[in-house]
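This report concerns only the one structure given below.
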Amino acid sequence: MEKTLNTSPLVWAHRGASAYAPENTLPAFRLAAEMHADGVELDVYLTKDDQIVVCHDNKIDRTSTGSGLISDHTLAELRAYSFHNSMDAYENTPIPTLAEVYELLAPTGLSVNVEIKSHDSRLPAMCCDLAKRYGMEDRVYYSSFYHPALLAVHDVDPYLPVAPLFSDNLVYPWLYASTFGAQAIHPHHGALRLSPEIIRECHMRGIRVNFWTCDDPEIILTLAKAGCDALITNKPDVAIEVLKNAGLYN
Ligand code: G3P
Ligand code: CA
């Protein structure tokens, strides 16, 4: 695995550089690479015809010109809509498949944090297979609020890095993460009361702490100084600038 655990934090672009380009689309991921993010975070679902697509909501109403559940549409049907998320400069942007994102990012060296949104029990193994097919298996990190999905990833390979997502102030999160061999925890930046102590406890057990979604320079700096491993942000350019100015960017 790459730099983390007490080095400078990685910057992962949340849904791509989504402050500037439509979230979870190829332009947003391309922009993240251009901004020199270390990786991107994205969300995945299965279509009606079992294609893995990248979208935050289970419905397409908010981000596209269409409506309804992703699982009620085939990929071809979804392709009829634009996912420009009301950003007029990006009209006619299609929903990407996870395969297309891997194709785009494979040559860049960026990591991909795949957040498994759907509870479809087939999806975790399908994501793992796809990463392998694109030679991305060493650069993909799996997270989910639905923690059984992470066990399903470990059913494929217990060494794949998985991280439970949570937004509450869990006590002893390292104990929970250790019970199923999680490589990291992904708390909301307001959780854990930004405690350096909790980060230290996690690090002592080899567990990384990657916070979301950190756009505020003050929060970015606080978390970086506390020793976090990755910052998931809509504004990778801002995060990189803040870290550089503080001498915390490698
Ligand atoms: O993975 C971090 C973050 O994306 C989780 O929340 O709702 O933005 O998917 P959400
Ligand atoms: Ca997400």
- Message: Just the residues that are surrounded by 14 or more Cβ atoms within 10 Å (Cβ to Cβ), over 18 Å from the mean Cα position of the chain (by Cα) and in contact (Cβ under 8 Å) with a residue 60 or more places away in the chain, please, taken from region 171-218.
- Response: 203
- Item | Evaluation of residue 168 against (1) in a loop (DSSP other than H, G, I, E, B); (2) touching a helix residue (DSSP H, G or I) at 6+ places or on another chain (Cβ under 7 Å); (3) crowded, with 16+ Cβ neighbours inside 10 Å (one fails), failing number | (3)
- Query: From the list 28, 37, 32, which residue is crowded, with 23+ Cβ neighbours inside 10 Å, modelled with pLDDT of 95 or more, in a loop (DSSP other than H, G, I, E, B) and within 16 Å of ligand 1 (Cβ to nearest atom)?
  - Reply: 37
- Task: Answer yes or no: is there a residue in region 66-86 that is part of a loop (DSSP other than H, G, I, E, B), within 16 Å of ligand 2 (Cβ to nearest atom) and aliphatic (A, V, I, L, M).
- Result: no
- Task: Would you confirm whether any residue within region 127-143 is over 20 Å from residue 162 (Cβ atoms), more than 16 Å from ligand 2 (Cβ to nearest atom), of a type in the set (Phe, Trp, Tyr) and assigned to a loop (DSSP other than H, G, I, E, B)?
- Result: no
- Given (1) touching a Ser or Thr at 6+ places or on another chain (Cβ under 8 Å); (2) in a helix (DSSP H, G or I); (3) of a type outside the set (A, V, I, L, M, F, W, C), residue 215 misses just (2)
- Task: Please give the number of the condition residue 104 fails out of (1) in a loop (DSSP other than H, G, I, E, B); (2) over 20 Å from residue 70 (Cβ atoms); (3) touching a Lys or Arg at 6+ places or on another chain (Cβ under 8 Å).
- Result: (1)
- Note on the structure: Picking from 134, 142, the residue that is farther than 18 Å from residue 230 by Cβ, among the aromatic types (Phe, Trp, Tyr) and surrounded by 16 or more Cβ atoms within 10 Å (Cβ to Cβ) would be 134
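The values are calculated or read from the model by the stated rules, or taken from the named source; none is laboratory data. It should be emphasised that the depicted structure is a prediction, and the values quoted were computed from it without experimental measurement. Glycine also receives a Cβ, built like all others from the backbone with ideal geometry; neighbour counts cover every protein chain displayed.
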